[in-house]
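Engineer: First the structure, which I've put down as structure tokens, then a few questions once you've had a look.
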Amino acid sequence: MKRALGVILLLMGLVAIAQGAPPVKGAHSDQPISIKSNELFTDSKNRTATFSGKVTARQGDMTLYADRLVVHYKQEGGDIDRVEAFGNVKVVQGDRLATANEGVYFNGEQKIVLTGDPKVYQGSDMVSGKVITYYVNEERSVVTGSADSRVEAVIHPKDKKNKGNDGSPKR
């Protein structure tokens, strides 16, 4: 079960990558993971563990919120196949925030897909689209739109008042 819960860290990494910040990959892997929900249902036959009802999962300074979190295990070896977060999905770390209706982590492909009005914020900057996909091993993300939901990015200029031409602080 602990392996499955570590996937939460990967969902958090999406927030940093989508905004161009350094990845947080492995930053909290040594810290305990705490999951709270109204109910936990395990199904050995179908190889799932389902947390439901106001799910809150924390590791270090990162927190995942969802209405339901489902961990799917592979038949052979018990490794994670995928982890799905449903309903009011929110991932928070510092000034970084990702929101969506659904989020899925595919272990074999090492990717995270956010759907259902996905948005990623860092401070006052924001990126949104129809689907936000983060490729964990490649540390890259793709935001796609559709005819009725184009990709949108709102990026605020950084304060240059106290910086030199190269971006470093003036002395």
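The values are calculated or read from the model by the stated rules, or taken from the named source; none is laboratory data. Model, not experiment: these values are computed from the prediction. In this analysis, Cβ positions are derived from the backbone assuming ideal geometry, glycine residues included, and neighbour counts consider all displayed protein chains.
Engineer: So which strands (runs of 3 or more DSSP E) stay within the range 4-59 end to end and still have 3 or more residues that are in contact with a strand residue (DSSP E or B) (Cβ under 6 Å, 6 or more places away or on another chain), under 21 Å from Leu114 (Cα atoms) and modelled with pLDDT of 50 or more?
Structural biologist: It comes to 48-59.
Engineer: Only one of (1) assigned to a loop (DSSP other than H, G, I, E, B); (2) in contact with a His (Cβ under 8 Å, 6 or more places away or on another chain) fails for Gly78. Which number is that?
Structural biologist: It is condition (2) that Gly78 fails.
Engineer: I've got another one for you. Is it fair to say Val113 is modelled with pLDDT of 85 or more and either part of a strand (DSSP E or B) or farther than 25 Å from Tyr65 by Cα (or both)? Show your work before the answer.
Structural biologist: Numbers: modelled with pLDDT of 85 or more: yes; either part of a strand (DSSP E or B) or farther than 25 Å from Tyr65 by Cα (or both): yes.
Considered against the rule, which asks whether it is modelled with pLDDT of 85 or more and either part of a strand (DSSP E or B) or farther than 25 Å from Tyr65 by Cα (or both), Val113 comes out as yes.
Engineer: Please go through the range 41-60 and pick out each residue that is of a type in the set (A, V, I, L, M, F, W, C) and surrounded by 15 or more Cβ atoms within 10 Å (Cβ to Cβ). Even if it seems obvious, please write down each step before you answer.
Structural biologist: Keep residues of the range 41-60 that are of a type in the set (A, V, I, L, M, F, W, C), which gives 41, 49, 51, 55, 57.
Passing the criteria: Ala49, Phe51, Val55, Ala57.
Engineer: May I pose another question? Restricting to the range 77-92, and then to whatever is surrounded by fewer than 23 Cβ atoms within 10 Å (Cβ to Cβ) and either modelled with pLDDT under 90 or of a type in the set (Ser, Thr, Tyr) (or both), can you tell me which residue is nearest to Val143 (Cα to Cα)?
Structural biologist: First, the residues of the range 77-92 that are surrounded by fewer than 23 Cβ atoms within 10 Å (Cβ to Cβ): 77-82, 84, 86-88, 90, 92.
Still in the running and either modelled with pLDDT under 90 or of a type in the set (Ser, Thr, Tyr) (or both): 77-82, 92.
Values: Gly77: 33, Gly78: 32, Asp79: 29, Ile80: 25, Asp81: 23, Arg82: 21, Val92: 19 Å.
Applying the filter and picking the extreme gives Val92.
Engineer: If you don't mind, there's one more thing I want to ask. Checking the structure you have, find out if any residue of the range 120-135 is of a type in the set (Ser, Thr, Tyr), more than 12 Å from the chain's Cα centre (by Cα) and surrounded by fewer than 16 Cβ atoms within 10 Å (Cβ to Cβ). Can you show your working first?
Structural biologist: Kept after step one, since they are of a type in the set (Ser, Thr, Tyr), are these residues of the range 120-135: 121, 124, 128, 133-135.
Then keep just the ones that are more than 12 Å from the chain's Cα centre (by Cα); that gives 124, 128.
The next check asks that each one be surrounded by fewer than 16 Cβ atoms within 10 Å (Cβ to Cβ); those that pass are 124.
So far as the range 120-135 goes, yes, one or more of its residues are of a type in the set (Ser, Thr, Tyr), more than 12 Å from the chain's Cα centre (by Cα) and surrounded by fewer than 16 Cβ atoms within 10 Å (Cβ to Cβ).
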